[in-house]
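The values are calculated or read from the model by the stated rules, or taken from the named source; none is laboratory data. Since the structure is predicted, the reported quantities are computational estimates derived from the model, not experimental observations. Ideal geometry is used to build each Cβ from the backbone, glycine not excepted, and the neighbour counts take in all protein chains shown. We work out accessible area using only protein heavy atoms, side chains counted, and drop any ligands, DNA or RNA first. Shrake-Rupley method; radii C 1.70, N 1.55, O 1.52, S 1.80 Å.
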Amino acid sequence: MDERKLAKKLNGHSRGALDQAVGRYTPYVSAVILRTLSGRACREDVEELCADVFVALWTHADTLDP
């Protein structure tokens, strides 16, 4: 599924779309977090911050502009 379709499904609060977004973007989000924190975060911190990102995505999914 391309990003536009994924965003549209997230707009509709599709749990499957959220699962797909988490699977697709977790490595990227984790890398951004690690780089932002200059490697000073432990694995648990990165996982928690990454989860916060996806909670925010889900919370604001209806505002995504596909």
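Based on Cβ point charges of +1 for Lys and Arg and -1 for Asp and Glu, what charge dipole magnitude is obtained for the chain about its Cα centre, in debye rounded to the nearest 20? Show your work: numbers first, answer last.
Working: 9 positive and 10 negative charges, 50 e Å.
The dipole of the chain has a size of about 240 debye.
Mind checking which of Leu49, Ile33, Ala61 is farthest towards the positive end of the chain's charge dipole, using Cβ charges of +1 (Lys, Arg) and -1 (Asp, Glu) about the Cα centre?
It is Ala61, whose Cα lies furthest towards the positive end.
For the chain, which trypsin sites (Lys or Arg not before Pro) are both in a DSSP coil and crowded by at most 10 other Cβ atoms within 10 Å? Spell out each step's value before the answer.
Values: sites: Arg4, Lys5, Lys8, Lys9, Arg15, Arg24, Arg35, Arg40, Arg43; in loops: Arg40.
Those satisfying the criteria are Arg40.
Read through the labelled values [x] 63, 5, 4; [y] 19, 15, 10; [z] 24, 11, 10 and report the label of the one computed as semi-axes √(5λ) of the Cα gyration tensor in Å from the structure.
Given [x] 63, 5, 4; [y] 19, 15, 10; [z] 24, 11, 10, the calculated one carries the label [z].
Counting only protein heavy atoms and a 1.4 Å probe, tell me what percentage of the chain's accessible area is made up of carbon and sulfur.
On the way: 2610 of 4720 Å².
About 55 percent, which is the carbon plus sulfur part of the accessible surface.
For Ile33, what is the net charge nearby, where nearby means another residue's Cβ is under 15 Å from its Cβ and Lys, Arg count +1, Asp, Glu -1?
On the way: positive: Arg35, Arg40, Arg43; negative: Glu44, Asp45, Glu47, Glu48, Asp52.
Taking every other residue near Ile33 into account, the sum is -2.
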